[in-house]
Each structure stands twice: as structure tokens, then as C-alpha cells.
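Have a look at the structure below before the remarks.
What follows is calculated from the coordinates using simple rules that are stated; it is not laboratory data. Here the structure is a predicted model, which means the values were calculated and not measured. With ideal geometry, Cβ positions are generated from the backbone for all residues, glycine too; neighbour counts draw on all protein chains shown.
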Amino acid sequence: MASPGGSASSPFEHSGEFAGLDGREQLLQGMAASQGRARSTHRAVHLAKVNFLVFHAVFLLLACIKVDNDSMAWGPAFTVVFIGDSISGLLLMCSWFVSWPYIKMCLHERQTKVGVDQPSILTEVLPEIILAILGFIFMIVLVVGETVLYHYLEAENRSPGPLEGMLFTVSLLCGARALAMRAQAALYGLVSLALLVTACLMLAYPGHSVGEAALIPGNFAVVLFIAKLVHVFWRSARVLTKQEKVLRALEMACLLLALSAGFGALFALTADNPHYTGWGCAGCLAFLGVAATRERIQASEAEHQTISFRLLRQHATNVGQSSTSFHPSAA
């Protein structure tokens, strides 16, 4: 409602949360609370990714136990993964709304952002909300694909077609994501390539299981992703804090453990009586470690700005120093 002078009232003026305070205190308290929600969308999306990784790590362990124990059903393993998908989906849905107080404050102030260190609603918050909506659609496709995989593994007479089709679909979506956005393009591109090769191997060799077909391209994708992380670490080491260097080294160590588990399972295929539970346990611990280090890296970047921002700032500083050193008045 407009004030007698014609100016719009603050969105926090009639908030019950700040009732009993005078107008200035209400405004300051409300703005502080809204600014605290500025990065809530980013945090919710990140938690959805970490949750997805944790539950699928547990699924990997249960799947290996099932392969070693024929009397066990696939139901418990897929129950875990469906619970994880549901939680990730709910977190993605929450990410659509949790930053609304900050967006409302920016609209009231007629600014794209409020605060020096706060994100812009046009270039950061709203694009993340749109990506979260697309991510939710991807989660639905993924759940359908995992349902197809469950019925494929439970069936006695496994017919090719539906599972390979879902692998191609998810591969296409990951590839589109890698081409459309630069952020994490390497990860999505490698996942797309691994799924595509897995589907092709299943069509070319129908007598082999999906696990056997996925091991070779999966291990190859992990090798390339570790190489990418090493390159990123080398390029950004000068702007990383000591804690971030340790965390990124731990992340690469966890991925090396996952790679060793993958190669161990691949070599176990040649044994007369292969056992996969130990390799599944190693892979599960590796991905849980990746999830933990990713969470700490995210918290560190929230405190010290993102790596890309720090690299850009240092580059701008170096350019400014170079131009100053060659300026005639600098002599």
C-alpha cells in the first residue's frame, strides 16, 4: 500500500515476524533476513546433487551385494535409489521458492541485487531457478530410466530395447546440458559419452549384462574426469586457499579409489567365481568421500567467492598492473 506521500511501503512493514518493532527496525530486520535467503536456491540445488550422489553410492554397494547373492532381490537396492531421487526432487522443487524473499526485496528496491556480495536476480538467481526446473524434469526422466532398469534386471527373459532406449535418452539429455552450459560441461559430457557407449555395447553384445557393458566406458570416463580436475587444480592453484587445496586433493584421491574399484570389478569378470562386494564397498566409500569434499568445497566457495570469480578478479588486477607499468606517467 502506498504511503500518503505516494511512495510504496516496504514489503517488511506488515510482516508478522517483525511485529512490535518500529518502521526502521522492521526494514533493517526484514532486509537482513531476505539477504540471508539470497543464495538459498544455490544451496538447495547443491544439496540435491550431494543427496543424489550419496544415495546412488549406497545403491552401488547394494547392487554389488545382490550380484554376489542370487537369493537377494533387487527391491532393497532400488528402494534406496528411489528414496534418494525423491529427496533430490523435493530439494529441487524447494529451490524454486526459497529465494523469493530476496527477489521480492530486489523488485521493491528496483535493483538487480541488494548488497555488494549478494547475487544478481537476473544473472544468478533466476537462471538457477530455471536450471532447477529443467533438473527436476531430468530427475523424472532418470526415475523412469531406473524403473526400466529395475524391471530389466528382475525379468527372466531380458529383451533388448527399452533399457537401451532410456540410456540413449539420458545420454542425449546429458550431452545437451554439456553443450548448452559451460559450468560442469566436462562432467555431463563424460556421463553422456559413457552412457552412449554402454548402450552401444549392450546392442552389439546382447549376451552381456548392463554392469559388464558399463564398466569399461565408466572407468574411461572417470580417468578423463580426474585428468580434468588435475588441470583445473593446476590452473586455479594460485587463487585457492590452503583448505581448498587439501579438499580438492582429497576429492581426486576419492576418485582414484573409485577408479581402482572399477578396474577391480572389471578384472573380477575374468575370475571363475567373481566377487564384487568388496569393490562395491570401495566404490561406495569413494563416492561418499566425493560428496563430503564437494560439500566442504561448496561451503568454502560461498565464503571466499567462486573459483572463476577469483580467477577473473586476479586477471583484471594483473591487467591493471601491466597497464600502469607501461603508462608514461608511471615513470
Query raised in the report: Between T123 and A204, how many nm apart are label points set 7 Å from Cα along the C-beta direction?
Result: 4.6 nm
**Report entry** Full-stretch length increase - E212, A271 - with 0.36 nm per residue and alpha-carbon distance subtracted
**Finding:** 19.9 nm
Query raised in the report: What is the distance in Å between the Cα centres of region 269-314 and region 168-217?
Result: 20 Å
Query - Karplus 3J(HN,Hα) series, Hz, for region 117-127 with 6.51 cos²θ - 1.76 cosθ + 1.60 (x for Gly, Pro) - result: 9, 8, x, 7, 6, 7, 9, 10, 5, 5, x
**Report entry** Principal axis dimensions, largest first and in whole angstrom, of region 33-88 by Cα
**Finding:** 54, 14, 10
Query raised in the report: Counting Lys and Arg as +1 and Asp and Glu as -1, each charge on the Cβ, what is the dipole of region 54-193 about the Cα centre in debye, to the nearest 20?
Result: 520 debye
Query raised in the report: Modelled label-to-label distance, A302 and N318, 7 Å Cα→beta-carbon offset: nm?
Result: 3.0 nm
Query raised in the report: Just going by the charge dipole of region 104-259, with Lys and Arg at +1 and Asp and Glu at -1 on Cβ, which of L201, I121, G211 is farthest out on the positive end?
Result: I121
Requested in this report: Please turn the phi angles of region 89-106 into ³J(HN,Hα) values with the Karplus equation 6.51 cos²θ - 1.76 cosθ + 1.60 (θ = phi - 60°), one per residue in order, whole Hz, x for glycine and proline.
Outcome: x, 5, 5, 5, 5, 5, 5, 5, 10, 5, 8, 4, x, 5, 4, 4, 5, 5
**Report entry** Label-point gap, in nm, between M72 and T147 - each point 7 angstrom along Cα→Cβ
**Finding:** 2.5 nm
Report task. Report the extension gain between I140 and A180 in nm, rounded to one decimal, defined as 0.36 nm multiplied by the number of residues separating them, less their alpha carbon distance. Result -> 12.4 nm
